[in-house]
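Visitor: Submitted below is the structure of interest, expressed as structure tokens.
None of the figures in this text is laboratory data; all of them are computed from the coordinates on show. None of these values were measured; they are calculated from a predicted model. Please note: Cβ atoms are built from the backbone with ideal geometry, for glycine as well, and neighbour counts cover all protein chains shown.
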Amino acid sequence: MKIALRGCLLAATLLSILLALVSCTNSASSVPWPAFETTAGRTTLNIPGVTGAVRLDGIFYETAQGRFALPGNVAATPQGGKLVASVGMPDGRTVTITVEPGPGRGQNRVSLAAAPAAGITKWGFAVESASDEYYTGLMERVVDGPQQASWAVGITQAMNLRGQKVEMVVKPTTSVYAPFYVSSKGYGLFVQTDWPGAYDFAATDPTRVGVTFEGPALAFKVYTAGTPAELVQAHALDSGPPILPPKWMYRPWRWRDEHTNRLTYYDGTPVTAPFNSEVLEDVLMMRAYGIPTGVYWIDRPWSPGPLGWDDFEVDGRRLPNFTEQVKWLESQGIKSMLWIGPFFQGNMMREALAKGYDLPSQTKPNNATGIANNYPMVDLSNPPAKAYWQSGVEKLLKLGVAGFKLDRGEENIPEGNTPTTSNAKRFDGKSIRENRNTYVADYARAVAETARKIRGNDFVSMPRGAYTGSSAHAVFWGGDIAGTPEGLRASIVAVQRSSVMGYPNWGSDTGGYNSQSMDSDLYARWLGFSAFSPIMEVGPTRNLGFWNLPAPHTPSYDAPVIAAWRLYTRVHERLVDYSYAQGQLAARTGMPIVRPLFLVEPGAPAAWSNWWTFQYGPDLLVSPIWEKGKREQQVYLPTGTKWRDAWQSDKVYDGGQTITVKADLHQIPLFVRDGAPVAKVLGDLNREWTESVEIAAKRPDLKALDAEVKALFPTLQQSPERPYPTPAASAASQAAPGGIVPPAGGAAPAGGGRGGRGGAPATASP
């Protein structure tokens, strides 16, 4: 023990001597100290890394008088473990650049500031780019712009952002963003600001990545840890760390978009059981098929009012005996979730508007109908406003609801860059523009704060919008994606991009959103993909089941898709412990659950080009097929291990090669690391498929199933089916003071439960 202590004291002494004598060395590693140099009259900041230096130049700021670039011959001095440079500028300001090495290897924080700061509207810089350099991160979309661009027919872009321009503004409906990217050159860059910005990945200048962000100052972090996996992990921990959801989140989910409480099930069988007929239909049919379900979430509308979102109140016509339904589902091992939004409707809207609880400069509700998409969003920086809105969330949690889908956090936020809104301030004094991106993170935080008071950590919030800070409070879904092959393709990119950005728990709308019909082949492929996503949520068409599909779908009872659904939900269910273990790892270390191949083997060119193949945790290799009619796939197998075909267990392949595998519609190309215990967990997939086909061919007896539930609740009555008032009648009856017409009355919206297509005025239910 004395020898050990003496050794520790000696080590400490030597370390102090080194720190005192070698001020130009990063104490966390042997990586040299950052340095400034002048090249061709331009100041370059060199940040050394394990695989080479990251070279930044072209630093500038903008004011109303124009752009001012940093001159050459910048002198810097070490100050208290930092590298500091001060430069006089032509407009009389002094720019200070501070480089601060962080606690981890190759983590350098760079701060750009000027005195005086008043009048500065933007900062920017450039990063040297090699001709073959690869970039990924920033957004889950394939390309920036309208959501439809990410699933356009014929699109060629995938994971690599090279040649693209990306605006760092959270956009509606497919909107997981983070100001962080990874380069194949061995560095990552994380801009630490709430202000909007933009990236130009060698699109304008093939030798430069241009970075610009609004605001009076700018700070960013350059990671040079050596491997892409280390870069991703470092950022995930800096920006989160990611939340660890409860284990039940990794079970299969079922949802419908617009629930109607009908008097009969899909086949005409009378409903006598006391709960919503479509919830019952789903749960009973899935139970009969042997399809496991851990979560059932109900989209809007579930409340009174034209938007189905008045006052956080459950509409007993749509969802009779709701509290008892939640308890019954819980007894079946199924958690209940509801759709929510960060805005007010009904009586709460009236009070919120009167007290100024809404975001300033936001357009008020439409006077004609009261239900336009310009609804009043809560100012989450205002403590009384936030608490008032949270009281509604708390009300639902006390009914037994275990989680929420957080919709519309990225919609209808004033941009703050127009003549009428540029000076608009939130309650906390910050500008609307500055916090344009962070509203989604504030939204997730507000729900998490409320949920933890009621349920501890036993809850799930799942927004479609995210920015830095969101991952500490929520899991995510991929927005309102198209039910097309390109929609599946975009989802394959999105789950991997989201993983890179620090959002490890992600899922897509299986089969796409808002489709009145579906392509059976595509759905079978999508089910396979979703089974190997952290979140598997299945909801095929508006308020229909796979057994009740409308024309022109033939057959209306789609036994092959039901069989595929059974197969893959059972696979996903078996992987719960495996997925949860990977979720724990992600929360602890930042290593994502879904791992693009370049995180696994960055030295292999195929690991960067084979973007449709990824690892699910360390032991499963997945390669979803998205093209219609395709029955084979090229798969790169990472080196360092052997890989066993999950469908043909006698076929084992060496890693480090690309192979071509056959795959019928129900087969997703899937490989297991040879010897991994998860192989036994998966079981015999071919036998599971055969059994699923047999079971799916037989229609369950809903009369008998309904009777079972009815017998459990003999005193509860099924509410009669009733039409809901039209929006016009409802709105006219509840006109608010000041000419604002608050939505009320309970009409079911025609524009979709989430309103991702624009939230058109509702029509009466049939």
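Visitor: With label points built 7 Å along Cα→Cβ from the Cα atoms of residue 660 and residue 701, find their separation and express it in nm.
Guide: 5.1 nm
Visitor: For the chain, what is the charge dipole size about the Cα centre, in debye to the nearest 20, if Lys and Arg each add +1 at the Cβ and Asp and Glu each add -1 at the Cβ?
Guide: The dipole magnitude comes to about 1080 debye.
Visitor: What percent do you get for the relative contact order of the chain when only Cα pairs under 8 Å and 6+ apart count?
Guide: 14 percent
Visitor: Can you run phi through the Karplus equation (6.51, -1.76, 1.60; θ = phi - 60°) for the stretch 639-655 and list ³J(HN,Hα) in whole Hz, with x for Gly and Pro?
Guide: Couplings: 6, x, 7, 9, 10, 9, 5, 5, 8, 10, 5, 7, 9, 10, 10, 6, x Hz.
Visitor: Around residue 594, which amide H atoms from residues at least 5 apart in sequence, or from another chain, sit under 5 Å from its own amide H, with H modelled in the peptide plane?
Guide: Residues meeting the criterion, in which the H sits 1.01 Å from N, are 617.
Visitor: Quick one, which of (1) 27.6, 87; (2) 30.5, 94; (3) 31.0, 100 is the actual Rg and Dmax of the Cα atoms in Å calculated for this model?
Guide: Of the listed options (1) 27.6, 87; (2) 30.5, 94; (3) 31.0, 100, (1) comes from this structure.
Visitor: Gain in length, residue 287 to residue 627, computed as 0.36 nm per residue apart minus the alpha-carbon separation, to one decimal in nm?
Guide: Working: separation 340, 0.36 × 340 = 122.40 nm, distance 3.19 nm.
So the extension gain works out to 119.2 nm.
Visitor: Hey, another quick one. Tell me, what HN-Hα J-couplings in whole Hz come from the Karplus equation 6.51 cos²θ - 1.76 cosθ + 1.60 at θ = phi - 60° for each residue of the stretch 434-450, using x for Gly and Pro?
Guide: Karplus values, whole Hz, x for Gly and Pro: 4, 10, 4, 7, 7, 4, 5, 6, 4, 4, 4, 5, 4, 5, 4, 4, 5.
Visitor: Taking the alpha-carbon centroid of each part, what is the distance from the stretch 429-506 to the stretch 645-669 in angstrom?
Guide: Cα centroid of the stretch 429-506 versus Cα centroid of the stretch 645-669: 33 Å apart.
Visitor: Right, another one. Amide H neighbours of residue 335 under 5 Å, at least 5 residues apart or on other chains, H built in the peptide plane: list them.
Guide: For residue 335, whose amide H was placed from the backbone, the distant partners under 5 Å are 295, 296.
Visitor: Just give me a number: lysine pairs in the stretch 597-682, eight or more positions apart or cross-chain, with C-alpha atoms less than 18 Å apart.
Guide: 6
Visitor: Can I ask one more? Looking at the stretch 383-442, how many pairs of lysines come closer than 24 Å at the Cα, when each pair is eight or more places apart or spans two chains?
Guide: Numbers: 386/395; 386/398; 386/405; 386/425; 386/430; 395/405.
Final tally of qualifying lysine pairs is 6.
Visitor: Describe numerically, in nm with one decimal, the distance between label points set 7 Å from Cα along Cα→Cβ at residue 651 and at residue 130.
Guide: Once both label points are built, they end up 3.5 nm from each other.
Visitor: List the residues whose amide H sits under 5 Å from the amide H of residue 168, counting only those 5 or more places along or on another chain, with H placed 1.01 Å from N in the peptide plane.
Guide: Amide H to amide H, under 5 Å and 5 or more residues apart or across chains, residue 168 pairs with 197, 198, 199.
Visitor: A follow-up question, please. Given charges of +1 on the Cβ of Lys and Arg and -1 on the Cβ of Asp and Glu, with all other atoms neutral, how large is the dipole of the stretch 597-682 about its Cα centre, in debye to the nearest 20?
Guide: Dipole size: approximately 140 debye.
Visitor: In whole Hz, with x marking every Gly and Pro, tabulate ³J(HN,Hα) for the stretch 592-607 from phi via Karplus 6.51 cos²θ - 1.76 cosθ + 1.60, θ = phi - 60°.
Guide: Once θ is set to phi - 60°, the couplings for the stretch 592-607 become x, 6, 8, 10, x, 4, 6, 6, 8, 9, x, x, 9, x, 5, 5 Hz.
Visitor: Can I ask one more? Taking R0 as 45 Å, what's the FRET efficiency between residue 40 and residue 167 from their Cβ-Cβ distance, rounded to 0.05?
Guide: For R0 = 45 Å, the calculated efficiency reads 0.90.
Visitor: Among 638, 620, 681, which residue has its Cα furthest toward the positive end of the charge dipole of the stretch 597-682, with +1 on Lys/Arg Cβ and -1 on Asp/Glu Cβ?
Guide: 681
Visitor: For the residue pair residue 86 and residue 674, what label-to-label distance in nm results when each label sits 7 Å from Cα along the Cα-to-beta-carbon direction?
Guide: 6.5 nm
Visitor: Next question. At 222 nm, what value in deg cm²/dmol follows for the chain if DSSP H runs of at least 4 each add -39500 (n - 2.57) and the sum is divided by all its residues, to the nearest 500? Working shown, then result.
Guide: Details: 17 runs with 199 residues, N = 766.
Theoretical 222 nm ellipticity from helices: -8000 deg cm²/dmol.
Visitor: Sticking with this one: Specify the inter-centroid distance of the stretch 572-627 and the stretch 243-279, based on alpha-carbon positions, in whole Å.
Guide: 31 Å
Visitor: Test of understanding: what is the full-extension gain from residue 395 to residue 351, defined as 0.36 nm times their sequence separation minus their Cα-Cα distance? Present the calculation step by step, with values, prior to reporting the outcome.
Guide: Details: separation 44, 0.36 × 44 = 15.84 nm, distance 1.75 nm.
Extending this stretch completely gives an extra 14.1 nm.
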